[in-house]
1. Out of (1) under 17 Å from GLN11 (Cα atoms); (2) assigned to a loop (DSSP other than H, G, I, E, B), the odd one out for ASN69 is which?
2. Can you tell me which residue among ASN40, ASN86 is at pLDDT below 95, exposed (fewer than 11 other Cβ atoms within 10 Å of the Cβ) and not in a strand (DSSP E or B)?
3. So which of ASN58, ASN26 is open to solvent by 50 Å² or more (accessible area, probe 1.4 Å), farther than 25 Å from MET88 by Cβ, assigned to a helix (DSSP H, G or I) and not hydroxyl-bearing (Ser, Thr, Tyr)?
4. What do you reckon, is SER62 modelled with pLDDT under 95 and over 10 Å from the mean Cα position of the chain (by Cα)?
5. Filter the stretch 11-28 for residues that are in contact (Cβ under 8 Å) with a residue 24 or more places away in the chain and of a type outside the set (D, E, K, R) and give the result.
6. Spot the failing condition for ASN4; the list is (1) at pLDDT 95 or above; (2) of a type outside the set (Asp, Glu); (3) open to solvent by less than 80 Å² (accessible area, probe 1.4 Å), and only one is missed.
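The values are calculated or read from the model by the stated rules, or taken from the named source; none is laboratory data. Just so we're clear, the structure is a prediction, and the values are computed from it rather than from any experiment. No Cβ is skipped: glycine too gets one built from the backbone with ideal geometry, and neighbour counts run over all protein chains shown. Side chains are part of the model used for accessible areas, which takes the heavy atoms of the whole protein and leaves out ligands, DNA and RNA. Shrake-Rupley method; radii C 1.70, N 1.55, O 1.52, S 1.80 Å.
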Amino acid sequence: MNDNKIKKISQNIIKLKELKTLDLSNNDLPDLPSEIGFINSLVRIQIEGNPLKAIRQNIRASGTNQLKNYLKDRMDASQRQNLEKNLMP
């Protein structure tokens, strides 16, 4: 999905349960949906070249697991609980 001038990623990205790599580099994303943090199979996220004003640079540079944890932590407890419940097999 890199180099496509994408401005928003749908929360439905969480339905991609087998996604391992997500390359969103060089788009127009100001933020990422918190749901990305709940894709357990995701081991690599590339987000360079986006105006991600909602995510601090140190978080963006800290690696995939740190970014996923940050995205999860942005949800309030009830949203997070509901999402985790819906992800159970």
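1. For ASN69, the exception is condition (2).
2. Numbers: ASN40 fails: exposed (fewer than 11 other Cβ atoms within 10 Å of the Cβ).
Only one candidate passes the filter, namely ASN86.
3. Numbers: ASN26 fails: assigned to a helix (DSSP H, G or I).
Every option except ASN58 fails the conditions.
4. Values: modelled with pLDDT under 95: yes; over 10 Å from the mean Cα position of the chain (by Cα): yes.
Yes: the conditions hold for SER62.
5. Restricting attention to the stretch 11-28, the residues satisfying the condition of being in contact (Cβ under 8 Å) with a residue 24 or more places away in the chain are 11, 13-14, 17, 20-22, 24-27.
Within the stretch 11-28, GLN11, ILE13, ILE14, THR21, LEU22, LEU24, SER25, ASN26, ASN27 qualify.
6. Failing condition for ASN4: (3).
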